[in-house]
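The values are calculated or read from the model by the stated rules, or taken from the named source; none is laboratory data. As the structure is a prediction and not an experimental result, all values here were calculated from the model. A quick note on method: Cβ atoms are made from the backbone with ideal geometry, for glycine too, and the neighbour counts reach across all protein chains shown. Calculation scope for accessible area: heavy atoms of the full protein, side chains included, ligands and nucleic acids excluded. Shrake-Rupley method; radii C 1.70, N 1.55, O 1.52, S 1.80 Å.
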Amino acid sequence: MPMHMQFGRTTLSKFVIEQTRGQHSELGALIIDVAAAVKTIASMVAKGALAGHHGALDTTNIQGEVQKKLDVLTNEAIIHHCEWGGQLAGMASEEMDDPYPIPAQYPLGRYLLIFDPLDGSSNSDVNVSVGTIFSVFARAEAGAAELSDYLRPGSEQLAAGYAIYGPSTMMVLTLGKGTHGFTLDRETGNFILTHPDITVPEDTREFAINTSNERFWEPPVQRYVAECKAGKTGVRGADFNMRWIASMVAEIHRILLRGGIFMYPKDNKDPSKPGRLRLLYEASPMAMLMEQAGGSASTGRGRILDVSPDELHQRVPVIIGSKNEVERVERYHREYADGSDRPFESPLFSERSLYRE
Ligand code: AFP
């Protein structure tokens, strides 16, 4: 292998240390600890049934979801790799009802790590790509975090990223200066910068949504998806393709690299839930990554990064991806709210419904 290939490749550690030198050098050390946890998780996921990691436990998380063995094991891996370093004021996770205080034997820092340790875990037993999503905030000074330190809009994130455990293991990261992809070289154990400055195409002909929920969607989303399905015979004048992997990390990764739009919109399947995905450890980090790559991320009615959470596990509608398509869906929501949208034939929504605000 030529010299520049052997020694000139940028590792995640080098990239992060250079990008955080100075004011946020501790943040660099935290990201490197997260990467170490990701390598441990990648090994667990790769072993699959051989390690007895498949299957569910007889416990449920605060979401009321049955926990998979890997949900708990990956949660513990991230805590183990990150709690000792002295960068953290606390941690919060999809798999823990309340925030995790840093044990007394470790020094306290000023960063907060919020994560979904294994997103898409319902796929883990059937060998479909899954991932880890993380978000980092800072409090003003080092010390034990309080709940209010976590309940911040995504616009205040210092860093966000995900790992995707697929045919290759990758980490995709933003520190507020672009979105960058790193591929794990299993021979050296290094994450290598392979996708610098990822840029999302502004247009797309590929949409991702769970269409089994169609009857529960609001009219603007029904209108958008109906037009995509009508293809060249309809107002869009072009055919669309559809994807649904049921693993948000895999959908977002595809969209970052080739464009697309992912939607888990507000629906009336369970009116107590304004969407399925959680703001703090799914929507906000993905929104930061997408915007840093030139894409958009919306609830349908506003920018995801502007949403201020009232509670740790708050859910939010998610419309994210290629800028021009997200803006079209937002326009359809505005036109529905002001009544200027074309009357939608759906019998369910022909009269003014509870959704009209
Ligand atoms: P799990 O982590 O419980 O598998 O949920 C994954 C997820 O939060 C997100 O990654 C998927 O896009 C979405 O749920 C899939 O939801 P449906 O199962 O309703 O399609």
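Some values worked out for this structure:
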| quantity | calculated |
| --- | --- |
| Given charges at Cβ of Lys, Arg, Asp, Glu: segment 206-345 dipole, positive-most of Leu280, Trp217, Met242 | Met242 |
| Accessible area of segment 3-195 divided out per residue, in Å², using a probe of 1.4 angstrom | 42 Å² |
| Computed label-point distance, nm, for sites Glu65 and Ser272 using a 7 Å Cα→Cβ extension | 1.7 nm |
| Which listed pairs, of Lys39/Lys68; Lys14/Lys177; Lys229/Lys269; Lys69/Lys323, have C-alpha distances above 26 Å, in listed order | Lys69/Lys323 |
| Cα-based helix-to-principal-axis angle, 323-337 vs the chain, degrees rounded to 10 | 50 degrees |
| Apportionment of accessible area to carbon and sulfur, segment 206-345, percent (1.4 Å) | 47 percent |
| Length released on extending from Ala144 to Trp244, taking residue separation times 0.36 nm less the Cα-Cα span | 32.0 nm |
| Net charge over other residues, Cβ less than 13 angstrom from the Cβ of Ser212 (K, R count +1; D, E count -1) | +1 |
| Where trypsin sites (Lys or Arg not before Pro) fall in DSSP loop in segment 273-344, at most 10 other Cβ within 10 Å | none |
| Total formal charge among the other residues, if their Cβ is under 13 angstrom from that of Gly260, Lys/Arg +1 and Asp/Glu -1 | 0 |
| Net charge, Ala56 excluded, C-beta distance under 15 Å - Lys, Arg +1, Asp, Glu -1 | -3 |
| Most mobile of Gln222, Gln292, Gln23 in a GNM of the chain (Cα contacts under 10 Å) | Gln23 |
| Positive dipole terminus of the chain, leading residue within Tyr162, Ile31, Leu112 (C-beta point charges) | Tyr162 |
| Point-to-point label distance, Thr199-Val126, nm (Cα→Cβ direction, 7 Å offset) | 3.8 nm |
| Using a Förster distance of 56 Å, the FRET efficiency for Gln23-Thr233 (Cβ separation, nearest 0.05) | 0.50 |
